[in-house]
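These notes are about the structure you will find just below.
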Amino acid sequence: MKASAKANPNFALVKYWGKRDEKLKLPQNSSISLTVSDFFTHTTIEFSEKYERDELVLNKKKYLPKNKEYENIKEFLNQARKISGTSLRAKVVSKNNFPTSAGFASSASGFSALATAVNQALSLKLGKKGLSILARMGSGSASRSIFSGFSEWKKGKKKDGSDCFAVQLKDNNYWNDIRIIACIISKKKKSIKSRKAMRETVKTSPMYGCWLENIENDLEKTRHAIEKKDFSLLGKTAEHNCLKMHSLMWTTIPPIIYQEPKTIEIIKKVFEMRDNGLECYFTMDAGPQVKILCLRRSVPAIIENILGIAKERFVLKPGRGARVSQNHLF
């Protein structure tokens, strides 16, 4: 009853912000993302009678009961145990090859990898839909990392969440020219986790109703852009959607501001490059990092323009979905 899996993070092009059900991780709106290459979480889990309680090691650090990370994993494992009918405790060892809790969707890759490993270890025999629902129980955005390439997480309408899962729009080989330049501004863990930030935004931002009123238009334009490989429409929609999401945070009480000075510097550089005929767009999740959306041919010129601003830069392509690995971490 031991298995390992790998999963890549996904970067949302049309964001979800806010939940209609905190416990079941049901979003207020649907979202569309791109699973990216190179960044990944590698997770091994073992269910056994030898464990008196669940054990958790993340990035070589052992977590104990009553720690938030530990309790989140335990809650997720309880869901899996409920599905399988087992009462066995488990040991989980997981590591990321990119910054954790810093705005690079580490929870998406983390819970997607964990769901895939649990499915294998417990022989749950879940298909992609079931895996997406299970991953969602750990982190909403993890529902999308089950799939390669472009995916859409459907918000659903049912109270039990049975119609709330991600579906693949196009796989990672569909649009080979797409690139995302991930710019690392800071490796520090963000001061306010997304879960809390969303909760406060829904409660206090006067702009939240407007966000929900406009989101379906962004989703429709993004689906169309992907289908037609219309890069300009994709980039413009993603960038504007990102700005609207961060406007919600800025108008939350108290305001939630993730941007650092160099975040703004890169954003202004993107505007400047576009004015000079180099087409690129930016997006950000809940953190200071900036992702620059561009086409393959533009990468060298963009890198030259942002040298000295971002501490580190990674050029990412459309990536693979979650998959079982034969390499165990323990």
Modelled with pLDDT under 95 and part of a loop (DSSP other than H, G, I, E, B) - does that describe any residue in the stretch 193-205?
yes
Any residue at all in the stretch 210-228 that's buried (at least 16 other Cβ atoms within 10 Å of the Cβ), of a type in the set (Phe, Trp, Tyr) and assigned by TED's automatic domain parsing to the domain that holds Ser33?
no
Looking at the stretch 9-90, what strands (runs of 3 or more DSSP E) fall wholly within it and have at least 2 residues that are not hydrophobic (A, V, I, L, M, F, W, C)?
19-21, 31-35, 41-48, 61-63
Ala182 passes all but one of (1) in a strand (DSSP E or B); (2) at pLDDT below 95; which number fails?
(2)
Among the numbered criteria (1) of a type outside the set (Val, Ile, Thr); (2) touching a helix residue (DSSP H, G or I) at 6+ places or on another chain (Cβ under 7 Å); (3) surrounded by fewer than 17 Cβ atoms within 10 Å (Cβ to Cβ), which single criterion is violated by Ser141?
(3)
Only one residue in Lys155, Lys125 is in a loop (DSSP other than H, G, I, E, B) and within 23 Å of Lys221 (Cβ to Cβ), so which one is that?
Lys155
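Residue-wise test of (1) in the same structural domain as Ile185 (by TED's automatic domain parsing); (2) within 15 Å of the chain's Cα centre (by Cα); (3) surrounded by fewer than 16 Cβ atoms within 10 Å (Cβ to Cβ).
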site: Tyr63; (1), (2), (3): no, no, no
site: Asn67; (1), (2), (3): no, no, yes
site: Asn72; (1), (2), (3): no, no, no
site: Phe76; (1), (2), (3): no, no, no
site: Gly85; (1), (2), (3): no, no, yes
site: Val93; (1), (2), (3): no, no, no
site: Phe98; (1), (2), (3): no, yes, no
site: Ser106; (1), (2), (3): no, yes, no
site: Lys125; (1), (2), (3): no, no, yes
Hits in the stretch 218-261 (condition: in contact with a helix residue (DSSP H, G or I) (Cβ under 9 Å, 6 or more places away or on another chain), assigned to a helix (DSSP H, G or I) and either polar (S, T, N, Q) or under 18 Å from Ile192 (Cβ atoms) (or both)):
Thr222, Ser232, Thr237, Asn241, Met245, Ser247, Leu248, Met249
Six or more apart or on different chains, Cβ under 6 Å: which pairs go from a residue in the stretch 201-213 that's polar (S, T, N, Q) to one that's outside any helix (DSSP H, G or I) and loosely packed, with under 15 Cβ neighbours inside 10 Å? Could you list them?
Thr204/Ile253
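The values are calculated or read from the model by the stated rules, or taken from the named source; none is laboratory data. Given the structure is predicted, the values throughout are model-derived calculations rather than measurements. Please note: Cβ atoms are built from the backbone with ideal geometry, for glycine as well, and neighbour counts cover all protein chains shown.
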